[in-house]
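Below you'll find the structure, written out as structure tokens, and then a few comments.
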Amino acid sequence: MAFQVPSRPNEQPMSLVVVGTVAFDAIETPFGKTDKIIGGAATYSGTAAAYFSKNIKLVSVVGDDFPGEMINRFTQLGLSIEGLQVKKGQKTFFWSGKYHEDMNTRDTLDTQLNVLLDFDPVIPDSYQDCEFLMLSNLMPQLQKKVIERIHKRPKLVVMDTMNFWMETQWDALMDTIRYVDVLTINDSEARQLTHEYSLVRAAQKILKMGPRYLIIKKGEHGALLFNEKQVFFAPALPLEEVFDPTGAGDSFAGGFIGYIAQTRDISFDNMKRAIIYGSAMASFCVEKFGLERLIHLTHGEIDERVHQFIDLVQFDIALV
Ligand code: AMP
């Protein structure tokens, strides 16, 4: 597989809109526990994508308990915040989770929707040139509203979701999935969505629900990309220490869509490269608690990690 290594964000005007939660998280892993730290699906996706694409446009909502310095940080990263609503007197979305010993599975301890409950996403005029749309984890009916409120269909719409919405908003979820090009979910969610244990069967069913592409994330076991006719597998980098998996899926999605937006190529072959970039971003994310690692990366570190991925899967074989 030939790699184009984009070492700097795209300087050309392009547009990637990232929608999803901006949140407070409280996380417990076998390595420690945090009080409220900054999290949220759009926070992770937007931060990861910012290493590839300039001028990413954020759509989300927070309460006035959310720190202003973090909003400034978004701007420094190159995220446009015109579509980030700050609601006076309301509390930011809060999620708390506890990881099991294997770090691959977790329990949600608490989800407080707070400011999300009456969130009505506004798409500023300056966002209407959206070429690529990342629907990070959020209420499915809100993800659909964003699709409807962008007047011209983007080149690619990628959607992430999770078990919480399958359990609480099944109909809205099924209705939104119909309108997206790429769905990213983890293996247990693919099984929950289809009642199929075989991921190949699950993929076949999901591809009939609307998306043309499906990415199934398997944590430390990598990720699978399906379309109707092809399958691609990318491993996860074997890491000595996984500190906190929170946001890995969102960083993966951010790296994936960021790379696609930068290269403006939505072919299956380019999606394979994008998955490697997504996997690289996820591998950084898990090395420290919260956003700590993701926020301080250099392009050199990203390039180096992508090369590690190439070395990991490259081999010569002579068929006998
Ligand atoms: P990930 O580990 O990639 O699945 O994403 C974790 C992030 O998703 C955390 O930072 C949470 O704030 C956020 N999150 C957790 N539950 C939800 C939910 N139901 N909807 C939207 N975002 C969520």
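Coordinate-derived values only; no laboratory data. All values derive from a computational prediction rather than experimental measurement. Ideal geometry is used to build each Cβ from the backbone, glycine not excepted, and the neighbour counts take in all protein chains shown.
Each part reduced to its alpha carbon centroid, the range 120-156 and the range 287-320 end up 31 Å apart. Taking the Cα atoms of the range 225-302, the ratio Rg/Rh between the radius of gyration and the Kirkwood radius comes to 1.00. Could you compute how fast the range 160-239 diffuses translationally, taking Rh as the Kirkwood radius over C-alpha pairs and applying Stokes-Einstein at 37 °C with viscosity 0.692 mPa s? Give it in µm² per second. Result for D is 259 µm²/s.
In order along the range 149-163, phi translates into HN-Hα couplings of 8, 8, 5, 9, 4, x, 5, 8, 10, 10, 10, 10, 8, 8, 3 Hz, rounded to whole numbers, per the Karplus curve 6.51 cos²θ - 1.76 cosθ + 1.60 with θ = phi - 60° and x for Gly and Pro.
The relative contact order of the range 213-292 comes to 32 percent, based on Cα pairs under 8 Å that sit 6 or more residues apart. Relative contact order of the chain: 17 percent, from C-alpha pairs under 8 Å at least 6 residues apart in sequence. In units of the rule-of-thumb radius 2.2 N^0.38 Å, the range 91-197 shows an alpha carbon radius of gyration of 1.17. Close amide H pairs (under 5 Å, H built 1.01 Å from N) link V59 with V18, V19, G20, residues at least 5 positions away or on another chain. Residues F31, F74, arranged from fewest to most other Cβ atoms within 10 angstrom of their Cβ, appear as F31, F74.
For the residue pairs K217/K288; K33/K217; K208/K272; K218/K272, the alpha carbons lie more than 18 Å apart in K217/K288; K33/K217; K208/K272.
With no solvent and one point per C-alpha, what does the Debye sum give as log10 I(q)/I(0) for the chain at q = 0.07, 0.09 Å⁻¹? Summing over Cα pairs of the chain leads to -0.24, -0.41. Per q in 0.24 1/Å, what log10 I(q)/I(0) does a Debye calculation on the alpha-carbon atoms of the range 121-183 return? Log-scaled intensity ratios, in q order: -0.98. Going from the residue with the fewest nearby Cβ atoms within 10 Å to the one with the most, V146, V122 rank V122, V146.
The fraction of Cα-Cα pairs per 5 angstrom bin, counted from 0 for the range 179-320, comes to 2, 10, 19, 22, 19, 14, 9, 4, 1, 0 percent, rounded to whole percents. A convex hull fitted to the Cα coordinates of the range 231-275 yields 78 cubic angstrom per residue. Look at K217, K88, K144 and count the other Cβ atoms within 10 Å of each Cβ; fewest to most, that gives K88, K144, K217.
If each Cα of the range 47-112 is one equal point scatterer, what is log10 of I(q)/I(0) from the Debye formula at q = 0.22 Å⁻¹? Normalising to I(0) and taking log10 leaves -0.93. Highest GNM mean-square fluctuation among D25, D110, D129, for the chain modelled with Cα contacts below 10 Å: D110.
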